[in-house]
Amino acid sequence: MDCTIEVNNKKIAAEKGELLIDALSRNGIRVPTLCHMKNFMPSGSCRMCVVENQSNGRLITSCSYPVEEGMKIQTNSPRVVESRKVIVELLLSNHPDDCLYCVRNGKCTLQDLAGEHNVVERRISGKKNDHHKDLSSLSIVRDPDKCILCGRCVRVCEEVMDVSAIDYINRGSRSVIGTAFNKGLNVSSCVNCGQCILVCPTGALSEKPHINEVQMALNDKDKMVIVQYAPAVTVSIAEEFGLEPGADLNGMLNAALRKMGFDRVYDTSFSADLTIMEESAELIHRIQNNGVLPMITSCCPAWIKYAEEFAHDMLPNLSTCKSPQQMLGAVVKSHISEKEQKDPHQIYSVSIMPCVAKKFEAQRENMTHRGITDVDAVLSTRELIRLIRLYGIEIEKLEPETADSPLGVRSSAGKLFGNTGGVMEAAIRTAYYALTGKDLVSFRIPEIRGFRGRKETRIRIGDLELGVAVVSGLKNAHLLLEEIRNGRNDIHFIEVMACPGGCVAGGGQRIGCGESDILARMRTLYAIDDQETIKMSHKNPEVAELYREFLGEPLGHKSHELLHTSYMKRDVML
Amino acid sequence: MKPGIAEVLEIHEKGKRDSLIPILQEIQEKEGYLSEEAVVEVGKHLDIPSSRIYGVATFYNQFRFQPTGRYHIQVCRGTACHVLGSATVLEHLEKLLHIKAGQTTRDGLFSIEIVACIGACGLAPVINVGGEFHAQVDAARVAEIIDEYRKREETI
């Protein structure tokens, strides 16, 4: 701290040149904002964060104004408060008045700010927005009428994801946010990660809902409705029900899903173990047979679409393994349907994911087998929460239950899939065993744990030294791929997750989670790994049983048919 | 790639983002408009996402994204024309042709462009239809002018 500024007549220490809003928030002074995001390019587009600069009597936007020595600031002077109120009123002047019917009702920053600023009547009436709702994407719904042009989605898409599917179009009062030529998201380069939904302060961006379809299936007596939930989901809903952030509600979730009427409750962490069996076998096969290296994980559907669009030269590097969601779906509609003597058409397969790209993935053409889809409907964590409320379930009061068997037992390695670095760690544990016949002495691989966007390490397995890299946030993936294109060849295996931090911070997660919530989820997953006895995917007894009874061996004929897939170059407007 | 686009890109350094607007202008000069292909190819050349290029291009009135019609109508929105009612002229033209400025009718006959002063203030409000200037137009006159061009088209 190299300078002192005066805020509301009190002196605080600040760093010269840092953004005023950062200095204020470090000192516990909250300034409302709709467009500002920490660590992103300042934009100053919403003007909500205005404060009064007493030195010259001007209103300045604290999110884009650098700290200067001796500044005198008022954050709540009458002029500031009145200006902010007018800003909210102006933002509402062309906004559709349909909060009651809005998916973000109760979770909308614009709504909150209107409340905080005591906006209780419409003083300013403008022409209502009248744009087309973009329903073209399988994952994301865009409703430009509700957009306040803060540009957060544009910045996330560019700065974190390196996709830039959307940008500002037109000028002045005609400005909208849209894709090139304002076409549907489905034909844009959008990878469906949903990070834009998480940062949107209003209801302009949301997931494509599948709740109605799921309810209809649950009401259909002829259907056997099965459900699976991703590893990150169980640790991401506690805050919503007044419990400690990051608490694991696995057992209660099993009970809640049964109460809703799901006939079978499976754990996607089981098929994460299955993925590890296939993927580690594939890695070893590639290493031993001069296959294409580095091999890159394929669990993240946003990353897959990104690769198909922006990195199709690397498609041979992608593991051919389907993601755990699709693997479990495929096993249910083949093995389980056989076991239960149910026609696969009578099975409705639901998954609950911290992700919206999974909605797209489930509908990929090559995710079907003889005309039967692996997964029929995908709910985001947000939709799960709505469903729990809809059924009047007080999840926090339920007695924990276990998932159904088979496909219900998991190793803690499979559970780690929710974290960036988790897939890698699980895969290394099993590959180590497959190559040496022994287990890793220490099962933890700390170098690839934690929130950082890029992690690398080298692991000795027998006489092989394996170079591994873990990236999250597609921009980091892009930078790593560039290094590899430029000749870097010391890496054998790469894990990519599109969302920064991995699925615990996925685009389908609760709105309004801070970094501390995400870190709490991460810690819980590692704590589960510490506490549980089955720590390796190859030690999962139900996975072993599935291979014995049905699949044969990893990379075998059945696996190939059901658990592996292929990718293609996608022609979109980049 | 269309030869017109390729020719323009050839003379501009790859990856030099500052050239974006001159490149777009030159392509429009050659092709009459910015096609999807043009935007994508410029994007590849300069390493800029197509959404960004479209965003930049729509910021300026000068760029259009549909080919011009056989009769390209320029409506002067300069000060003198404005004072004498060019806003009404434009509005009527748009209603009559069922298109907005920057668009082209489905039959490819007419397109509208808004231009700043064309230096014929004495004739205000003035429109230029395919190189022919029409002076002191109003709503009624606009309808007649369009009719004349339609008739001319029929007799060809």
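The values are calculated or read from the model by the stated rules, or taken from the named source; none is laboratory data. Keep in mind the model is a prediction, meaning the values are calculated, not measured. Cβ placement follows ideal geometry from the backbone for every residue including glycine, while neighbour counts extend to all protein chains displayed.
Within segment A:497-514, work out how many residues are of a type in the set (A, V, I, L, M, F, W, C) and farther than 11 Å from A:N419 by Cα.
Total satisfying the criteria: 3.
Let's see how each residue does on (1) more than 9 Å from chain B (Cβ to nearest Cβ); (2) of a type in the set (G, A, S); (3) out of contact with any Ser or Thr (no Cβ under 9 Å at 6 or more places or on another chain):
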position: A:M161; (1), (2), (3): yes, no, yes
position: A:I166; (1), (2), (3): no, no, no
position: A:T202; (1), (2), (3): yes, no, no
position: A:S206; (1), (2), (3): yes, yes, yes
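Which strands (runs of 3 or more DSSP E) does segment A:448-545 wholly contain that include 2 or more residues that are at pLDDT below 95?
A:454-461, A:464-472
Would you mention how many residues in segment A:156-202 are free of Cβ contacts under 8 Å to residues at least 24 places away in the same chain, assigned to a loop (DSSP other than H, G, I, E, B) and on the phi < 0 side of the Ramachandran plot?
Qualifying residue count, segment A:156-202: 1.
If you check A:V572 against the conditions, is it touching a residue at least 12 places away in the same chain (Cβ under 8 Å), within 24 Å of the chain's Cα centre (by Cα) and either under 26 Å from A:E282 (Cβ atoms) or outside the structural domain of A:G418 (by TED's automatic domain parsing) (or both)?
So A:V572 fits the description; yes.
Take the residues of segment A:168-184 that are within 11 Å of chain B (Cβ to nearest Cβ) and among the small types (G, A, S): which is nearest to the chain's Cα centre (by Cα)?
A:G178
Could you grab me the full set of residues in segment A:249-301 that are more than 16 Å from A:M353 (Cα to Cα) and among the acidic types (D, E)?
Passing the criteria: A:D263, A:D273, A:E278, A:E279, A:E282.
Output the qualifying pairs, or none if there are none: Cβ atoms under 7 angstrom, residues six or more apart or on different chains, first residue in segment A:212-230 and outside the structural domain of A:V331 (by TED's automatic domain parsing), second residue surrounded by fewer than 19 Cβ atoms within 10 Å (Cβ to Cβ) and assigned to a loop (DSSP other than H, G, I, E, B).
Correct list of pairs: empty, since none qualify.
With the requirement that a residue be within 19 Å of A:G414 (Cα to Cα), assigned to a helix (DSSP H, G or I) and not hydroxyl-bearing (S, T, Y), what does segment A:253-272 give you?
A:L253, A:N254, A:F270, A:A272
Would you check if A:I226 is crowded, with 19+ Cβ neighbours inside 10 Å, within 14 Å of another protein chain (Cβ to nearest Cβ), in contact with a strand residue (DSSP E or B) (Cβ under 8 Å, 6 or more places away or on another chain) and modelled with pLDDT of 95 or more?
Working: crowded, with 19+ Cβ neighbours inside 10 Å: yes; within 14 Å of another protein chain (Cβ to nearest Cβ): no; in contact with a strand residue (DSSP E or B) (Cβ under 8 Å, 6 or more places away or on another chain): yes; modelled with pLDDT of 95 or more: yes.
No.
For the subset of segment A:546-569 comprising residues that are assigned to a loop (DSSP other than H, G, I, E, B) and aliphatic (A, V, I, L, M), which member is nearest to the chain's Cα centre (by Cα)?
Going residue by residue through segment A:546-569, those that are assigned to a loop (DSSP other than H, G, I, E, B) are A:552-556, A:565-569.
Within this subset, residues satisfying the condition of being aliphatic (A, V, I, L, M) are A:555, A:568.
Numbers: A:L555: 29, A:M568: 23 Å.
Restricting to residues being assigned to a loop (DSSP other than H, G, I, E, B) and aliphatic (A, V, I, L, M), the top hit is A:M568.
Out of segment B:102-116, which residues are touching a helix residue (DSSP H, G or I) at 6+ places or on another chain (Cβ under 7 Å) and not β-branched (V, I, T)?
Answer for segment B:102-116, where residues must be touching a helix residue (DSSP H, G or I) at 6+ places or on another chain (Cβ under 7 Å) and not β-branched (V, I, T): B:L109, B:F110.
Inspect all residues belonging to segment A:396-405 and state whether any of them is over 20 Å from A:I237 (Cα atoms) and surrounded by fewer than 24 Cβ atoms within 10 Å (Cβ to Cβ).
Yes, there is a match, as at least one residue in segment A:396-405 is over 20 Å from A:I237 (Cα atoms) and surrounded by fewer than 24 Cβ atoms within 10 Å (Cβ to Cβ).
Sort out which residues of segment B:13-26 are more than 14 Å from chain A (Cβ to nearest Cβ) and either hydroxyl-bearing (S, T, Y) or crowded, with 17+ Cβ neighbours inside 10 Å (or both), and write them in order of number.
Our first condition is that a residue be more than 14 Å from chain A (Cβ to nearest Cβ); within segment B:13-26, this holds for B:13-16, B:18-19, B:21-23, B:25-26.
If the condition is that a residue be more than 14 Å from chain A (Cβ to nearest Cβ) and either hydroxyl-bearing (S, T, Y) or crowded, with 17+ Cβ neighbours inside 10 Å (or both), then B:S19, B:I23, B:E26 are the ones that fit.
For A:L243, which of the numbered conditions (1) surrounded by fewer than 18 Cβ atoms within 10 Å (Cβ to Cβ); (2) assigned to a helix (DSSP H, G or I); (3) not small (G, A, S) fails to hold?
Only one criterion in (1) surrounded by fewer than 18 Cβ atoms within 10 Å (Cβ to Cβ); (2) assigned to a helix (DSSP H, G or I); (3) not small (G, A, S) is unmet by A:L243, namely (2).
Tell me which residues, restricted to segment B:30-76, are touching a residue at least 60 places away in the same chain (Cβ under 8 Å) and surrounded by 18 or more Cβ atoms within 10 Å (Cβ to Cβ). Don't jump to the end; show me each part of the working.
Taking segment B:30-76 as the starting set, the residues that turn out to be touching a residue at least 60 places away in the same chain (Cβ under 8 Å) are B:70-71.
Residue satisfying the conditions is B:Y71 alone.
For segment B:27-58, how many residues meet the condition of being among the charged types (D, E, K, R) and either away from every other protein chain (no Cβ under 11 Å) or closer than 13 Å to B:P3 by Cα (or both)?
5
I'd like to know if segment A:49-60 contains one or more residues that are touching a residue at least 24 places away in the same chain (Cβ under 8 Å), within 19 Å of A:C150 (Cα to Cα), buried (at least 18 other Cβ atoms within 10 Å of the Cβ) and of a type outside the set (V, I, T).
Yes, segment A:49-60 contains a residue that is touching a residue at least 24 places away in the same chain (Cβ under 8 Å), within 19 Å of A:C150 (Cα to Cα), buried (at least 18 other Cβ atoms within 10 Å of the Cβ) and of a type outside the set (V, I, T).
Which residue, of A:V350, A:V375, is crowded, with 17+ Cβ neighbours inside 10 Å, outside any strand (DSSP E or B) and of a type outside the set (D, E, K, R)?
None of the others qualify; the one that does is A:V375.
For A:E69, state whether it is of a type in the set (D, E, K, R) and modelled with pLDDT of 95 or more.
Judged against the criteria, A:E69 is not a match.
Look through A:N254, A:N250, A:N219, A:N192 and report the one residue that is out of contact with any Asp or Glu (no Cβ under 7 Å at 6 or more places or on another chain) and over 25 Å from A:G501 (Cα atoms).
Just one listed residue meets the conditions, A:N219.
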